[in-house]
Structures are given as C-alpha cells and as structure tokens.
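Trainee: Can you read through this structure? Questions will come right after.
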Amino acid sequence: MISVGEARKIILDNTLPLKETEACKINFCLKRVSALNIRSKENIPPFDNTAMDGFAVRARDVKGASRENPKTLQVIENLPAGYAAKLSLKPSEAIRIMTGAPMPQGADSVVMVEDTLCDERRGTRNEGRGEKDEGRTEYVRITKAVKKGENVRYAGEDVKKGEVVIPQGATLKSGHIGMLAALGISEIKVFREPHVAILATGDELIEIGQKLAPGKIRNSNAYSLYSQVLQTGGIPLVLGIAKDNKRELERKIKKGLSADMLLVSGGISVGDYDFVKDVLKDVGTEMKFWRVAMKPGKPLAFGLMPGTKTNFGARRRIPVFGLPGNPVSSMVSFEQFVRPALLKMSGAKDISRFHLPAIAKDDFEKKKGLRYFLRVILENKGGTLYATLTGPQGSGILKSMVLANGIMELPEDMEFLKRGQEVEATYID
Ligand code: AMP
Ligand code: MG
C-alpha cells in the first residue's frame, strides 16, 4: 500500500499532456487551455486618456486651488469619448472631457467634475465635433488642486505591446476572454479536450430506466464520474455497465482503447468477483499500484494500457484508473487522483486545488496510517473558516457529497480530531 502523495506522483509522472490543438472562437474558449503564449501586438489603452469625467488642465494652473480659493480657467473645447481634441491647451485653459477621451495636447492632468463649479450651462455638447457652444466664453472654477498625471490613464499602463498576456497552459477565465477581445483577437489555439471512457462494473447494477429487483441498485457512479469529467474539462465517453465476468469486462474495456483515459468503477477490491485488475493485465496494462492508504477509497488501481490509434494521431499508452465502487470513494478518488491527471493531460499548468486552513466543528476518531478525506460544509464566520461534517462519513453515504462544499483532509499520523483544531480543507464547489 502506498501513500496518497506517492500515488499522486506516480499518476502525474505517467500522464502526459495531449499535444493536439484546435482553433477556438473566443466565445467558446471559457475553461479551455491556451496552447500558445499570446502576446499583445498593441498597447492597452492605445492612447493616454482620462479616467474621469471632468476638465483636462495643466496641473500648475490649478496649484493651490481649493473651495475657498478656486482657480478660474477658460473652457476652450468639449471633448466626448471617441474623438480627439482639435485645440491644444495653453496656460489658464481647460477642456471639458469625458471618461475615455484622449488627453488633449498641452494638458497633463484631469480635475474631476465633482471638484469644479461650472457655469449654469450643462448637458449640451456638440457631439463629436470637439467644439463648444458658439459665441459664449465659458469658464470653470477649479476647487481642488491636482497632481501632474492625476486621473490620467497612460498608453500601455494595462498591457504593453509585446507583453505575454496569456501564457501557454492558462485555463481561460472570463477575464482572459475580455482581454483577447481588447487585443483584437477573435480566435485562438487551444489544446483539444481529453476523451475519457467510463465503465461501471457489477452484477448488481441496473440503469436509470430499469425496474429495481431484489439485490439490484442503480448505477450512480457512471453519472457522478461523467459530470466530474465534464467539470474537469474532459469529454466523457459512456461504456455502460459490465457484468462481473472476465469475458464481458474485457470486451467492454477494449471499447475504451480509443479514448485518452479510461475509468473503471468497481471490481477492484479483494472480493471473489473483483476481476478488473486481472482483465486490465490481460489486455496488456502495466499496473503501477492498486492500493492507497486513504479513506474513503483504499482500493485504487492505476496503470498504463496500450491504446489503439486515435483519430488524432499516434498510438499512445492510456492512463487507466480502477476506481473503488463505493459511491463516495469513487468521487473522492476522482477528486484526488483523476482530476489532477486529467488537468495535466489537458495541458493546464494549474492543476491543484486551493488549500485553506479551517477550524473543525466536530470530534472525529480515525485510523492511524490512513489519510482521511471527510466531507464538510465550509462556512466563513467573521473571517474564520469553519468545517462541519456533513453527517455520517461512510463510503456509501452519497448524501455526504450532495451536502458538502469542501473536503477536510486529516493526515496519516493523526488519531483524534478535536473540535476546535485547525485542519486543512479545500473548496470543491
Ligand atoms: P465493488 O468495488 O465492486 O466491490 O463495489 C463496492 C460497493 O459499491 C458495492 O456496494 C457496490 O454495489 C457499489 N457500487 C459499485 N459500482 C457502483 C455503481 N456504478 N454505482 C453505485 N454503486 C456501485
Ligand atoms: Mg463489484
């Protein structure tokens, strides 16, 4: 039996990123992995502009300005966003300017409109012409001094031309999508999504539409695994249910050989009808390990199976997981082992969950030598994270996965968890 850490290392060492890429329109890129370093060909913003509605000025003209002692400037032009100023600013002049409009020549800062006293004239503007009302000399009183550069957004202050904005291996979030649009990029290269075949095993299993009969239960693992694969950015491939006999197992396992990864649920333990390991070996799998010191989920087999040629190219060895049949063990094992492997296969650089310290709300007794993964409800109370058990922690209590938003990890050497003790937890929502 090996430790959770050792198992994870063996799995990751034996799982390689897919190389194939595909073009993807940015509206479809959410959660996909960038296959290239994406460099900006432009500065963002492309020109110096104002961050505020107000008046573009020369800072030295309004030095010392205050409510009691305002400085009066002549307004020579009105400048909405989207247009360049026609005039350049001379001493004691101001240009009325709207957020996003380019800084006029001669101006070095912007006084926000809240720090000015304007003439009664408001709300009229000569759209786009950058002119002010005809035949009227207009003044603004500045009631607060500004520093040089105040309220100015400089060209390239967000992104510099030539900068790598999205590195290869980044998992794309909404921010990335907006940034790509800002850079004028409508399509990028992403890694293709791994295909993950899922096979449930067990004479006791029936499908959703079938009638329950004595001794039978519904196949739920294939569905939780299906959704876990989806959530991790893979494409699930359903192989159905195999009965606990070697011939049928082999026939159905072979259907998974064209996928990039195979998950087999159940039949991996020490029961009289647990044939999955034998069959995996029969089809040429190089088994790396089959038991991990953890709870839930001790039986867990991992190996490399010789795959068929895929549509995408060369023959490759397929990582295959024999996952425990108990519903919670299956999901927790996915979370701990399959998820990081699948993310690595997707080309993603960021494959680990964020670990947070939390205060346990329950006492708990555990077996020494095993790492425990308890299902908890994490709550933030006054800046402290608390972890409350979802209830009974048996590996068949699927409700614990329904209620949980987190997993609390108890290290191997711990024997008792005391209420109030600090533990490590991860959000899994
Ligand atoms: P096994 O790992 O095959 O010994 O199964 C352990 C437990 O998990 C047994 O109680 C099985 O009935 C249950 N089990 C196995 N496969 C599934 C499945 N696909 N869906 C729900 N429960 C399952
Ligand atoms: Mg079974």
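The values are calculated or read from the model by the stated rules, or taken from the named source; none is laboratory data. All values reported here derive from a predicted model rather than from experimental measurement. Glycine also receives a Cβ, built like all others from the backbone with ideal geometry; neighbour counts cover every protein chain displayed. Ligands, DNA and RNA are stripped out before the accessible areas are found, and what is left, the full protein with its side chains, is counted by its heavy atoms. Shrake-Rupley method; radii C 1.70, N 1.55, O 1.52, S 1.80 Å.
Trainee: Cβ-Cβ under 8 Å, sequence separation 6+ or interchain: first residue in segment 260-289 and hydroxyl-bearing (S, T, Y), partner more than 10 Å from ligand 1 (Cβ to nearest atom). Which pairs?
Mentor: Final answer for the pair search is T285/G303; T285/L304; T285/M305; T285/P306; T285/V320.
Trainee: Could you tell me how many of the residues in segment 217-228 are exposed (fewer than 15 other Cβ atoms within 10 Å of the Cβ) and either in a helix (DSSP H, G or I) or within 32 Å of the chain's Cα centre (by Cα) (or both)?
Mentor: Number of matching residues: 1.
Trainee: Just for segment 346-357: of the residues that are outside any strand (DSSP E or B) and within 20 Å of A425 (Cβ to Cβ), which one is most open to solvent (accessible area, probe 1.4 Å)?
Mentor: Initial filter on segment 346-357 (outside any strand (DSSP E or B)): 346-354.
Pick out the ones that are also within 20 Å of A425 (Cβ to Cβ) and you get 350-354.
On the way: D350: 109, I351: 40, S352: 85, R353: 65, F354: 160 Å².
Going through the qualifying residues, I end up with F354.
Trainee: Collect the residues in segment 362-420 that are of a type in the set (S, T, N, Q) and either in contact with a helix residue (DSSP H, G or I) (Cβ under 6 Å, 6 or more places away or on another chain) or not in a strand (DSSP E or B) (or both), keeping them in residue-number order.
Mentor: Of everything in segment 362-420, those that are of a type in the set (S, T, N, Q) and either in contact with a helix residue (DSSP H, G or I) (Cβ under 6 Å, 6 or more places away or on another chain) or not in a strand (DSSP E or B) (or both) turn out to be T390, Q393, S395, S400, N405.
Trainee: Give the residue, chosen from E204, E187, that is in contact (Cβ under 8 Å) with a residue 12 or more places away in the chain, open to solvent by 20 Å² or more (accessible area, probe 1.4 Å) and within 10 Å of ligand 1 (Cβ to nearest atom).
Mentor: The unique qualifying residue is E204.
Trainee: Another question about this same structure. For the structure I just gave you, tell me whether G267 is farther than 30 Å from K173 by Cα, more than 16 Å from ligand 2 (Cβ to nearest atom), buried (at least 22 other Cβ atoms within 10 Å of the Cβ) and not acidic (D, E). Steps first, answer last, please.
Mentor: Details: farther than 30 Å from K173 by Cα: yes; more than 16 Å from ligand 2 (Cβ to nearest atom): no; buried (at least 22 other Cβ atoms within 10 Å of the Cβ): yes; not acidic (D, E): yes.
The answer is no for G267.
Trainee: Those residues that are assigned to a helix (DSSP H, G or I) and either over 25 Å from the mean Cα position of the chain (by Cα) or of a type in the set (A, V, I, L, M, F, W, C) (or both), I need them from segment 151-182; list them, please.
Mentor: I177, M179, L180, A181, A182
Trainee: Among the residues of segment 390-427, which ones are open to solvent by 30 Å² or more (accessible area, probe 1.4 Å) and among the hydrophobic types (A, V, I, L, M, F, W, C)?
Mentor: I397, L398, M401, V402, L403, F416
Trainee: Tell me, which residue of segment 186-196 that is touching a helix residue (DSSP H, G or I) at 6+ places or on another chain (Cβ under 7 Å) and in a loop (DSSP other than H, G, I, E, B) is farthest from L36 (Cα to Cα)?
Mentor: Of everything passing the filter in segment 186-196, P194 is farthest from L36 (Cα to Cα).
Trainee: Could you check segment 270-299 and list, in sequence order, the residues that are within 14 Å of ligand 2 (Cβ to nearest atom), open to solvent by less than 70 Å² (accessible area, probe 1.4 Å) and closer than 19 Å to I241 by Cα?
Mentor: G271, D274, F275, V276, K277, D278, V279 - these are the residues of segment 270-299 that are within 14 Å of ligand 2 (Cβ to nearest atom), open to solvent by less than 70 Å² (accessible area, probe 1.4 Å) and closer than 19 Å to I241 by Cα.
Trainee: Tell me which residues, restricted to segment 238-249, are surrounded by 14 or more Cβ atoms within 10 Å (Cβ to Cβ) and more than 16 Å from ligand 1 (Cβ to nearest atom).
Mentor: Correct list: empty.
Trainee: Determine, yes or no, whether N78 is of a type outside the set (V, I, T) and either modelled with pLDDT under 95 or open to solvent by less than 70 Å² (accessible area, probe 1.4 Å) (or both). Reasoning before the result, please.
Mentor: Details: of a type outside the set (V, I, T): yes; either modelled with pLDDT under 95 or open to solvent by less than 70 Å² (accessible area, probe 1.4 Å) (or both): yes.
Judged against the criteria, N78 is a match.
Trainee: Further question: What's the number of the condition A360 fails, among (1) within 16 Å of ligand 1 (Cβ to nearest atom); (2) buried (at least 22 other Cβ atoms within 10 Å of the Cβ); (3) farther than 23 Å from V33 by Cα?
Mentor: Condition (1) is where A360 drops out.
Trainee: So, G209, is that one open to solvent by 30 Å² or more (accessible area, probe 1.4 Å), in a loop (DSSP other than H, G, I, E, B) and more than 15 Å from ligand 2 (Cβ to nearest atom) or not?
Mentor: Details: open to solvent by 30 Å² or more (accessible area, probe 1.4 Å): yes; in a loop (DSSP other than H, G, I, E, B): yes; more than 15 Å from ligand 2 (Cβ to nearest atom): yes.
Answer is yes for this residue.
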